[in-house]
Amino acid sequence: MKTNWFKRFGWFYLPVSTAGTVLILLGLAFCVQVFVAIDRHSHSVSDTLYGVFPYFACCFLLINWIASNTSHRKESQ
């Protein structure tokens with residue numbers, strides 16, 4: 001029995017279960033924490049963007065991978 005956490009909506013995935021919502025909130029909390037920690041020591045906007053990019057990209061790619069593997073897929077007939 002497979003539980004669907006997300007539903008595909010165009011290019012994005014929307015959470016349809018509590019587990020999906022918790023995953024999204026954890027990812028956003030992580031990104032906010034990273035942004036605040038890096039922005040504290042940055043001298044310019046580009047310093048902040050260069051600092052947060054690796055963390056944001058990895059976080060969003062991980063969420064996208066989990067969402068694609070826990071969403072409903074149409075069976076080919």
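The values are calculated or read from the model by the stated rules, or taken from the named source; none is laboratory data. From a predicted model like this one, the values you see are computed outputs, not experimental measurements. Ideal geometry is used to build each Cβ from the backbone, glycine not excepted, and the neighbour counts take in all protein chains shown. Heavy atoms of the whole protein, side chains included, go into the accessibility calculation; ligands, DNA and RNA do not. Shrake-Rupley method; radii C 1.70, N 1.55, O 1.52, S 1.80 Å.
Per residue, the chain exposes 83 Å² of solvent-accessible protein surface, assessed with a 1.4 angstrom probe and all protein chains in place.
Annotation for Trp11 and Cys31: the two label points, set 7 Å from Cα along the Cα-Cβ direction, are 1.4 nm apart.
Axis of helix 18-40 versus longest Cα principal axis of the chain: the two differ by about 10°, to the nearest ten degrees.
Normalised by the number of residues in the chain, what is the relative contact order in percent for Cα pairs under 8 Å and 6+ residues apart? The value is 42 percent.
Computing the accessible area with a 1.4 Å probe over protein heavy atoms, can you report the carbon and sulfur percentage for the chain?
Summing carbon and sulfur atoms, their accessible area is 68 percent of the total for the chain.
Counting 0.36 nm for each residue step from Thr21 to Trp65 and taking away their Cα separation leaves a gain of 14.3 nm. A DSSP coil position with no more than 10 other Cβ atoms inside 10 Å describes the following chymotrypsin sites (Phe, Trp or Tyr not before Pro) in the chain: Trp11.
How far is helix 45-69 tilted off the main Cα axis of the chain, in degrees rounded to 10, range 0 to 90? Tilt relative to the chain: about 10 degrees. Charge dipole of the chain (Cα centre as origin; +1 on each Lys and Arg Cβ, -1 on each Asp and Glu Cβ, all else neutral): 400 debye, rounded to the nearest 20. Residues whose amide H lies under 5 Å from that of Lys7, counting only those 5 or more places away or on a different chain, are Leu14, Val16; hydrogens are built 1.01 Å from N in the peptide plane.
Starting from the coordinates of the alpha-carbon atoms of the chain, obtain the Kirkwood hydrodynamic radius over all distinct pairs and give the value in Å to one decimal. 14.0 Å is the Kirkwood radius here. Based solely on its DSSP helices, what 222 nm [θ] is calculated for the chain when runs of n ≥ 4 H residues each add -39,500 (n - 2.57) and the sum is averaged over all residues, nearest 500 deg cm²/dmol? Value at 222 nm, helices only: -22000 deg cm²/dmol. Evaluate E = 1/(1 + (r/R0)^6) for Arg40 and Lys2, where r is the Cβ-Cβ distance and R0 equals 30 Å; express this FRET efficiency to the nearest 0.05. Computed FRET efficiency for Arg40 and Lys2: 0.10.
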